[in-house]
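What follows is calculated from the coordinates using simple rules that are stated; it is not laboratory data. This one's a predicted model, so the numbers in the text were calculated from it and none came from an experiment. We place every Cβ from the backbone using ideal geometry, glycine too, and count neighbours over all the protein chains shown.
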Amino acid sequence: MIRVIKWNWQYYLMLLPCLIYYVIFKYGTMYGVIIAFKDYNVKKGILASPWADPLLKHFQYFFSSPYASVVIGNTLKISFLKIIFGMIPPVILAILISECGNKWFRKIVQTASYLPHFLSWVIIYGIMIAFFSQSTGLINRWLTEMGFSSYPFLTDPAHFQAMIVGTDVWKGVGWSAIIYLAAIAGIDTTLYEAGIIDGCSKLKRIWYITLPLLRGTFILQLILRTGSVMDAGFDQIYVIATSQVLSVSEILDTWVFKEGIQRMNYSLASAVGLLKSVISLILVFGTNKLARKWDEGLW
């Protein structure tokens, strides 16, 4: 081991800042998890605060509260909708870009598709208001000019989650497609040449060559997305959600933020945050174990 480090010390030196970051901000702060099992008092500090009685008091309080089922249900529903509708479009976009023969058009499409990834949710919310606002939005202006009544796209609970999922897919489809484009670029071109000789059409080459060889990348992305299934996108929902859609927009992260930061109920918020992390860890291991049946596991 020492010999390996000696021969590759430059690589380990480059890795050092990342290791320091994780040690300080990830592992170094894990002792704060014990707040979930204490009646935390800011003046006394973490170690001096008394232990909760019973020890799982804050967990019991959360699950017995009426909002537990709502925030958990919203979190799971939004996350799974993002996975279902957000996994396939990047694959389709990557295949379309790779099959496009016009190089300059391909570069324009690829650049335009991943630019939204660099926009903050505040800017995207401004774009949504410009298009979907009930009073000044472009779409509602078209509707009223055609004789229809305006529709509250941003404040209607029935369609708010669809707006969340749609904007998330639009924001991330181009960036996610880069991974599949790299995977497609690594496919042996002789396979396509053999397919052409055998008389395969372009669609058949995509179906029998490209898609099967993208399976490993797709499963890897699925495992990583499953690990964040309990997140559902705090930044996006905190910026876009309003009081009119609270019943369908309140997720675990926004609830923990309000409970822990705004109401200063740190122990309860820490308990819910710990519960979320444990569930995410179980989901990652479960998804990876399932993927190993097709020899496509992450580890």
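Data table
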{"item": "For the stretch 29-103 versus the stretch 230-299, the gap between their alpha-carbon centres in whole angstrom", "result": "1"}
{"item": "Whether the stretch 68-249 is rounded, prolate or oblate, judged on the alpha carbon gyration tensor where a/c under 1.5 counts as rounded", "result": "prolate"}
{"item": "Kyte-Doolittle at least 0.5, axis length at least 20 Å by Cα - qualifying DSSP helices, the chain", "result": "68-99, 157-185, 266-291"}
{"item": "Kirkwood hydrodynamic radius of the stretch 97-145, Cα pairs, Å", "result": "13.0"}
{"item": "Mean Cβ count within 10 Å, highest first, over the residues of peptides 120-128, 87-95", "result": "87-95, 120-128"}
{"item": "Sequence-distant residues sharing a close amide H with Lys38 (under 5 Å, placed H)", "result": "Ala52"}
{"item": "Förster radius 45 Å - calculated FRET efficiency between Lys26 and Met146 (Cβ-Cβ, nearest 0.05)", "result": "0.25"}
{"item": "Exposure proxy ranking, count of Cβ atoms within 10 Å, fewest first, for His58, His117, His159", "result": "His117, His159, His58"}
{"item": "Those residues of the stretch 201-233 whose amide nitrogen sits under 13 Å from the label point placed on Ile187, 7 Å along Cα→Cβ", "result": "201-218"}
{"item": "Cα shape, the stretch 208-299, gyration tensor, a/c 1.5 rule", "result": "oblate"}
{"item": "Neighbourhood charge, 14 Å Cβ-Cβ cut-off, centred on Val169 and excluding it, Lys, Arg +1 and Asp, Glu -1", "result": "+2"}
{"item": "Within-12-Å neighbourhood charge of Asp39 [Cβ basis; K, R +1; D, E -1]", "result": "+2"}
